[in-house]
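The values are calculated or read from the model by the stated rules, or taken from the named source; none is laboratory data. Since the model is a prediction, treat every value here as computed from it, not as a measurement. Neighbour counts run over all protein chains shown; Cβ positions are idealised from the backbone, glycine included. The area values use the complete protein model at the heavy-atom level, side chains included, leaving out ligands, DNA and RNA. Shrake-Rupley method; radii C 1.70, N 1.55, O 1.52, S 1.80 Å.
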Amino acid sequence: IPALFDLKLLCVVVGCMSFCSWSKGEIYRDHFEHGTYVCSRCENPLFKSAAKYKHNTPWPAFTEPVSKDSLKKYHETEMALKVLCGKCSQGLGHQFLCDGPKKGTSRF
């Protein structure tokens, strides 16, 4: 059974980005164990560990959500969508368009 990682500490996913910094204090940035990242408020599955990849920001980076219903998104800027939990609407951060690991893909 894969582990479930509580996203209370995953700043990019629980909307507490103000607590993250470039000083490498984010504990899930380099965490690559097999499992599912879930919303800290409602335990909605958000991202599989297989969708996580190394990125040069201080936050964890994902290529895609568990399903299209895992997240709610709305347009914020030309290159970014605001991302919320698809179940409870907790703020999770952003989807950066065309900033994924492969050309034309997004980064969450």
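For LYS82, are the conditions met, namely being in contact with an Asp or Glu (Cβ under 6 Å, 6 or more places away or on another chain) and of a type outside the set (Gly, Ala, Ser)?
Numbers: in contact with an Asp or Glu (Cβ under 6 Å, 6 or more places away or on another chain): yes; of a type outside the set (Gly, Ala, Ser): yes.
The answer is yes for LYS82.
Where residues in segment 67-85 are among the aliphatic types (A, V, I, L, M) and open to solvent by less than 80 Å² (accessible area, probe 1.4 Å), which of them is nearest to ARG41 (Cα to Cα)?
Among residues in segment 67-85 that are among the aliphatic types (A, V, I, L, M) and open to solvent by less than 80 Å² (accessible area, probe 1.4 Å), the one nearest to ARG41 (Cα to Cα) is LEU84.
Could you figure out which of (1) among the polar types (S, T, N, Q); (2) at pLDDT below 75; (3) within 19 Å of PRO101 (Cα to Cα) isn't true of SER21?
It fails just one condition, (3).
Being free of Cβ contacts under 8 Å to residues at least 24 places away in the same chain and either out of contact with any helix residue (DSSP H, G or I) (no Cβ under 8 Å at 6 or more places or on another chain) or acidic (Asp, Glu) (or both) is the filter here, so list the residues in segment 24-47 that pass it.
If the condition is that a residue be free of Cβ contacts under 8 Å to residues at least 24 places away in the same chain and either out of contact with any helix residue (DSSP H, G or I) (no Cβ under 8 Å at 6 or more places or on another chain) or acidic (Asp, Glu) (or both), then ILE27 is the only one that fits.
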